[in-house]
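Colleague: I have a structure I would like to understand better, so I am pasting it below and will then ask my questions one at a time.
The values are calculated or read from the model by the stated rules, or taken from the named source; none is laboratory data. This structure is a prediction, so every number in the text was calculated from the model and none was measured. All Cβ positions, glycine included, derive from the backbone under ideal geometry; neighbour counts span all protein chains shown. These accessible areas exclude ligands, DNA and RNA; they are computed on the full protein's heavy atoms, side chains included. Shrake-Rupley method; radii C 1.70, N 1.55, O 1.52, S 1.80 Å.
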Amino acid sequence: MKIGYPCSNLSIGCSTARTFRLASTSPERVAATIHANLDCLQMALEWNAAHDIRFLRISSSTIPFASHPVMTFAWQREFSGQLAEIGAFIRAHGMRVNTHPGQFVLLNSPGNDVVANSVAELVSHAELLDLMGLDHTATIQIHTGGVDGDKPAAIDAFCQRYIELPEIVRRRLVIENDERSYALADNLVIHERTGIPLLFDVFHHGPLNEGESLPESFDRFTPTWDGHGTPMLDYSTQHPDRQPGAHAQAIDLEDFRAVAELIDDRDVDIMLEIKDKEHSAIAALSLLVRSGRLSAPDDSTHVR
């Protein structure tokens, strides 16, 4: 089991998601921004390794405007060496990474332009992970998409578009349940038709489900990862002072403990979608070690 957090490390004093206004794009600005983002990513990974955090979601803005027509700079060639070094560090420290493009990625959209832009965005993420030399367990995570008044037709569209994706995307793509349109049961239909692995979001499952308990859900989603690595699970709780669906500022350790007990001996990697990032990851790791779920900190990637 690996515990992780998304995108930004709040302790290191830099951002992996520096960007700039589209109107001010230039080869020099693009190169300088990517270089700074990758330097910060390396710093975050080194910090994580020192604190036994082995899972990280890489920001979609690491390569700003990577899929936009304005990007004529050959970032893949320019930064291939630095990306290879980052990938080597990830592998050497037994880490896992993934990416999560924004909700504008809609493979089942009725708009051809939206689909084309979505595919371009997914290809840019796949290229980033490929240049790091990471295997298919470094995934690209998306929501299934819209419904447009006809969920069966939307599912048909998703399955067809998935089949048509470039192989470099298909080998990494996973879908997660959401709180509005696609429950775990809906995504299972897609898995049965495509074989795509299903990432399970505990927080989203609460408002949208078909009555499955968490243990039942764990038993249903984990087999979809056969041959794709350790199953991945997103965890958060509701922020008490914000609109429904807003992620908590800090981990609720009692709730996390209860979910960990329901996970039982299933092997999953857990992404904590919580605002204070690495601070909650450290708290979660400490709890799991104290409870005997994980071994000592210098070997915390192994389940007892």
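Colleague: Once you measure Cβ to Cβ distances between cysteines in the chain, which Cys have no partner under 4.7 Å?
Modeller: Cys7, Cys159, each lacking another Cys Cβ under 4.7 Å.
Colleague: For the chain, what's the relative contact order in percent, using C-alpha pairs closer than 8 Å and at least 6 residues apart?
Modeller: 19 percent
Colleague: While we're looking at this one, here's another question. Roughly speaking, what is the stretch gain from Thr137 to His68, that is 0.36 nm per residue apart minus the C-alpha to C-alpha distance, in nm to one decimal?
Modeller: Gain in length upon complete extension: 22.2 nm.
Colleague: Please name whichever of His35, Met71, Gly13 sits farthest to the positive end of the charge dipole of the range 7-80, dipole taken about the Cα centre and charges placed at Cβ: Lys and Arg +1, Asp and Glu -1.
Modeller: Farthest towards the positive end: Met71.
Colleague: Would you please classify the overall shape of the range 171-304 from the alpha carbon gyration tensor, given that a ≥ b ≥ c denote the square roots of the eigenvalues, rounded means a/c under 1.5, and beyond that prolate means a/b larger than b/c while oblate covers the rest?
Modeller: Since a/c reaches 1.5 but b/c is at least a/b, the shape of the range 171-304 is classed as oblate.
Colleague: Compare Ala92, Ala116, Ala23 in a GNM of the chain, Cα atoms joined below 10 Å, and give the one with the largest fluctuation.
Modeller: Answer for the Gaussian network model of the chain: Ala23.
Colleague: For Cys7, what accessible area in Å² do you get when you roll a 1.4 Å probe over the heavy atoms of the protein chains, rounding to the nearest 10?
Modeller: Rounded to the nearest 10, that gives 40 Å².
Colleague: The range 3-39 to the range 136-178: how many Å between their Cα centroids?
Modeller: 27 Å
Colleague: Moving to a separate point now. What is the dipole size for the range 30-116, taken about its Cα centre, with +1 at each Lys and Arg Cβ and -1 at each Asp and Glu Cβ, in debye to the nearest 20?
Modeller: That gives a dipole near 200 debye.
Colleague: Here is a follow-up. Explain nothing, just the number: dipole magnitude of the range 26-81 about its Cα centre with +1 on each Lys and Arg Cβ and -1 on each Asp and Glu Cβ, in debye rounded to the nearest 20.
Modeller: 180 debye
Colleague: Ignoring ligands, DNA and RNA, what accessible area per residue does the range 14-135 give at 1.4 Å, in Å²?
Modeller: Value returned for the range 14-135: 43 Å² of accessible area per residue.
Colleague: Short version: ³J(HN,Hα) in whole Hz for each residue of the range 179-186, in order, from phi by Karplus 6.51 cos²θ - 1.76 cosθ + 1.60 (θ = phi - 60°), x for Gly and Pro, what are they?
Modeller: Working through the residues one at a time gives 9, 10, 10, 10, 7, 3, 4, 5 Hz.
Colleague: Taking H placed 1.01 Å from N in the peptide plane, check which residues at least 5 places from Asp269 or on another chain put their amide H under 5 Å from its amide H.
Modeller: For Asp269, the qualifying residues are Lys2, Met232, Leu233.
Colleague: Still on this structure, I have one more. Go through the range 76-84 residue by residue and turn each phi into a ³J(HN,Hα) via Karplus (6.51, -1.76, 1.60, θ = phi - 60°); whole Hz please, and just put x for glycine and proline.
Modeller: Each residue of the range 76-84 in turn: 4, 6, 5, 10, 4, x, 5, 5, 5 Hz.
Colleague: Amide H neighbours of Val147 under 5 Å, counting only residues 5+ apart in sequence or on other chains, H built in-plane at 1.01 Å?
Modeller: Answer set, sorted by chain and number: none.
Colleague: Provide the per-residue ³J(HN,Hα) series for the range 106-119, in order, calculated from phi with Karplus coefficients 6.51, -1.76, 1.60 and θ = phi - 60°, each as a whole number of Hz, with x at glycine and proline positions.
Modeller: Those phi angles translate into 9, 5, 9, 5, x, x, 4, 5, 4, 5, 4, 5, 5, 5 Hz.
Colleague: Can you say what percent of the DSSP beta bridges in the chain, counting only those with both residues inside, are antiparallel? Round to 5.
Modeller: 10 percent
Colleague: Sticking with this structure for a sec: Sorted by accessible area with a 1.4 angstrom probe, largest first, how do Arg21, Arg170, Arg242 fall?
Modeller: Arg21, Arg242, Arg170
Colleague: With a ≥ b ≥ c taken as the square roots of the eigenvalues of the C-alpha gyration tensor of the range 96-210, please select rounded if a/c is under 1.5 and otherwise prolate if a/b is larger than b/c or oblate if it is not?
Modeller: The shape class here is oblate.
Colleague: Using a Gaussian network for the chain with springs between C-alpha atoms less than 10 Å apart, which of these wobbles most: Leu188, Leu107, Leu214?
Modeller: Residue with maximal mean-square fluctuation among Leu188, Leu107, Leu214: Leu214.
Colleague: Using the Cα centre of the chain as the reference point, and only Cβ charges (+1 on K/R, -1 on D/E), how large is the resulting charge dipole? Debye, rounded to the nearest 20.
Modeller: The dipole of the chain has a size of about 720 debye.
Colleague: Mind listing the long-range amide H neighbours of Arg57? Cut-off is under 5 Å, sequence gap 5 or more, other chains count too, H placed in the peptide plane at 1.01 Å from N.
Modeller: Counting only residues 5 or more places away or on other chains, the set is Tyr5, Cys7, Asn98.
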